[in-house]
Amino acid sequence: KSFEVNIDTQVFNTATVFGFDSIINPIRLDATDSATLNVIAPALVPSISINKLTNGADGPTILFDELVVWSYQLTNTGNTPLSNISVIDDQGVSVSCPQTTLAIGQSITCDATGTAIKGSYVNSATVSANYQTTTVSATDTSSYFGAAPSMDLVKKTNGLDAVDIAAGASVTWTFLVTNTGNVEIDSITVTDDIEGSISCPKTTLQPGEAMTCS
């Protein structure tokens, strides 16, 4: 049998079993035992967690100079209420939270915004909170890659920018295409306003890679 008891109480109970021996003469048989239950309060363990995301993910690719939104998901993972909640970003990003307290099991989402820089960017956030005189904290890291696609084209006539060529002589135009950005570029085509579509050895260039079309 089960029942509920209050914390910091003591329960003492006795159980008795009896039966009859009726083979010859009816005799009652008894047995008794008792138990004590001490109900004590659970240990108070304040705790908090943080999950930091960049544009809703970990490690996304974001175009250079576009908006970045960081979200900081906080959860009270302990068994005490928490107060004085604060989130500090190690890159100086200003973080805004909807409240500074968390009930047991409660979650909130704080946020911050910025502008994407070129290349890899990593920042960590630390949340701290108090239960009475006890301080708890947690840290999480998120990142993104700031994509900055760009190309350069250098066109030459017989290897020069400008050249005198006799009528009827052979002319070769070269088109040096360089990926000057930090991400792969594909579906590359070169078109000349006189000659039309130009033949290229490939249609994809990695960052820093170059090819000559002619």
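Being open to solvent by 90 Å² or more (accessible area, probe 1.4 Å) and among the hydrophobic types (A, V, I, L, M, F, W, C) is the filter here, so list the residues in segment 151-165 that pass it.
Scanning segment 151-165 gives Met151, Leu153.
Assess whether Thr61 counts as being open to solvent by 30 Å² or more (accessible area, probe 1.4 Å), polar (S, T, N, Q) and closer than 18 Å to Ser137 by Cα.
So Thr61 fails the test.
For segment 114-188, give me every one of the strands (runs of 3 or more DSSP E) that falls completely inside it and has 1 or more residues that are at pLDDT 95 or above and within 30 Å of Leu44 (Cα to Cα).
119-131, 134-147
Among the listed residues Ile108, Ile88, identify the single one that is open to solvent by less than 70 Å² (accessible area, probe 1.4 Å) and at pLDDT 95 or above.
Ile108
Any chance segment 118-128 includes a residue that's open to solvent by 30 Å² or more (accessible area, probe 1.4 Å), touching a Pro at 6+ places or on another chain (Cβ under 9 Å) and under 19 Å from Val68 (Cα atoms)?
no
Quick one: what pairs do we get from segment 140-159, first residue within 21 Å of Ile194 (Cβ to Cβ), second open to solvent by 50 Å² or more (accessible area, probe 1.4 Å) and outside any loop (DSSP other than H, G, I, E, B), C-beta under 6 Å, 6+ apart or different chains?
Close Cβ pairs satisfying both conditions: Val154/Leu176; Thr157/Trp173.
The values are calculated or read from the model by the stated rules, or taken from the named source; none is laboratory data. Keep in mind the model is a prediction, meaning the values are calculated, not measured. Don't worry about glycine lacking a Cβ; one is built from the backbone with ideal geometry, like all the others, and counts go over all protein chains shown. Side chains included, ligands, DNA and RNA excluded: accessible areas come from the protein's heavy atoms. Shrake-Rupley method; radii C 1.70, N 1.55, O 1.52, S 1.80 Å.
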